1. Any chance you could count how many residues in region 68-87 are more than 12 Å from the ligand (Cβ to nearest atom) and either surrounded by 21 or more Cβ atoms within 10 Å (Cβ to Cβ) or among the β-branched types (Val, Ile, Thr) (or both)?
2. Give me the pairs, please: first residue somewhere in region 119-140 and farther than 16 Å from ASP177 by Cα and in contact (Cβ under 8 Å) with a residue 24 or more places away in the chain, second residue anywhere and part of a helix (DSSP H, G or I) and not aliphatic (A, V, I, L, M), beta-carbon distance under 6 Å, and either six or more positions apart or on two chains.
3. Pull up region 118-156, narrow it to residues that are assigned to a loop (DSSP other than H, G, I, E, B) and under 21 Å from the mean Cα position of the chain (by Cα), then point me to the one that is surrounded by the most Cβ atoms within 10 Å (Cβ to Cβ).
4. Go through region 12-48 and count every residue that is free of Cβ contacts under 8 Å to residues at least 40 places away in the same chain and within 11 Å of the ligand (Cβ to nearest atom).
5. Looking at ALA112, ALA94, ALA102 in this structure, which one is more than 14 Å from VAL4 (Cβ to Cβ), more than 13 Å from the ligand (Cβ to nearest atom) and surrounded by fewer than 18 Cβ atoms within 10 Å (Cβ to Cβ)?
6. Tell me which residues, restricted to region 1-10, are of a type outside the set (Ser, Thr, Tyr), more than 21 Å from LEU76 (Cα to Cα) and more than 11 Å from the ligand (Cβ to nearest atom).
Amino acid sequence: MREVTAYSWVPDFAQGFVKDLRVRWALEEAGLAYTERLIDHEQKLQAEHLARQPFAQVPVYRDERGEVFESGAIVLQIAEGTDALMPADPAARARVMSWAFAALNSVEPHVANVTGTMLFHGDAPWAAGYLESARAMMNTRLAQLSGWLSGRNYLEAERFTAADLLMASVLRELGRDGSFERFPDLAAYCERCVSRPAFTRALEAQLKAFDAQAPAQV
Ligand SMILES: N[C@@H](CCC(=O)N[C@@H](CS)C(=O)NCC(=O)O)C(=O)O
């Protein structure tokens, strides 16, 4: 049976953004049922979890092929074997892989620099200066992505793939603080992806777990 390890509770700012959402979304797109293993923030530090996720994070995913960590690797593992997220043509598959890594390697670090600084260090005396340069670097990447998407609905093959799932998961963070304002086309692309029914089901599933929990110490 497929199983997703996720948190039983996270603070409000993280609800709806924990990275098991990517895995749930991929499973929903593929029409694959799964069970949840919910852990808390003490369990993530224990040896049993560290043997499954060495960095004390979620998600972890298990299916009949074995256990995988890192949301990108998990999404690609789910995408393998389902036309819903990965085209059959080898050249098109290779392009989807390129864009999956681009989302996580070339775009996400810049988005995370900005959103992470704002969320966790927004009041620090150095934050404003750092954010100015981090935003400039992020906007360069976003402008390049915007250029690629010009005239396209999706990253490759004119259809939604695992690469769009990952890119939209990264871009969603920009909706938190107005960073989309300079890039209405990227906002529209992100909305095109997250308006899919599979995303809605995945989001509901993550939030449902939190609804059942009283706040705990992180
Ligand atoms: N690169 C990892 C990052 C996973 C990650 O950032 N997980 C967060 C939740 S979204 C987490 O578990 N944070 C807890 C911690 O780092 O202690 C992935 O994509 O799976």
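No lab work stands behind these numbers, since they all come straight from the coordinates. Keep in mind that what you see is a predicted model, and the values were worked out from it rather than measured. Cβ: placed from backbone, ideal geometry, glycine included. Neighbour counts: every protein chain shown.
1. Going through region 68-87, the residues more than 12 Å from the ligand (Cβ to nearest atom) turn out to be 77-87.
Keeping just the survivors that are either surrounded by 21 or more Cβ atoms within 10 Å (Cβ to Cβ) or among the β-branched types (Val, Ile, Thr) (or both) gives 78-79, 82, 85-86.
Qualifying residue count for the region: 5.
2. MET137/HIS110
3. Of the residues in region 118-156, the ones assigned to a loop (DSSP other than H, G, I, E, B) are 122-126, 150-156.
Within this subset, residues satisfying the condition of being under 21 Å from the mean Cα position of the chain (by Cα) are 153-156.
Values: ASN153: 13, TYR154: 18, LEU155: 27, GLU156: 21.
The qualifying residue surrounded by the most Cβ atoms within 10 Å (Cβ to Cβ) is LEU155.
4. If we filter region 12-48 for residues that are free of Cβ contacts under 8 Å to residues at least 40 places away in the same chain, which is where we start, we get 12, 14, 33-35, 37, 39, 42-48.
This time we only want the ones that are within 11 Å of the ligand (Cβ to nearest atom), so: 14, 39, 44-45.
Of the residues in that region, 4 qualify.
5. Details: ALA112 fails: more than 13 Å from the ligand (Cβ to nearest atom); ALA102 fails: surrounded by fewer than 18 Cβ atoms within 10 Å (Cβ to Cβ).
Answer to the check: ALA94.
6. Answer for region 1-10, where residues must be of a type outside the set (Ser, Thr, Tyr), more than 21 Å from LEU76 (Cα to Cα) and more than 11 Å from the ligand (Cβ to nearest atom): just TRP9.
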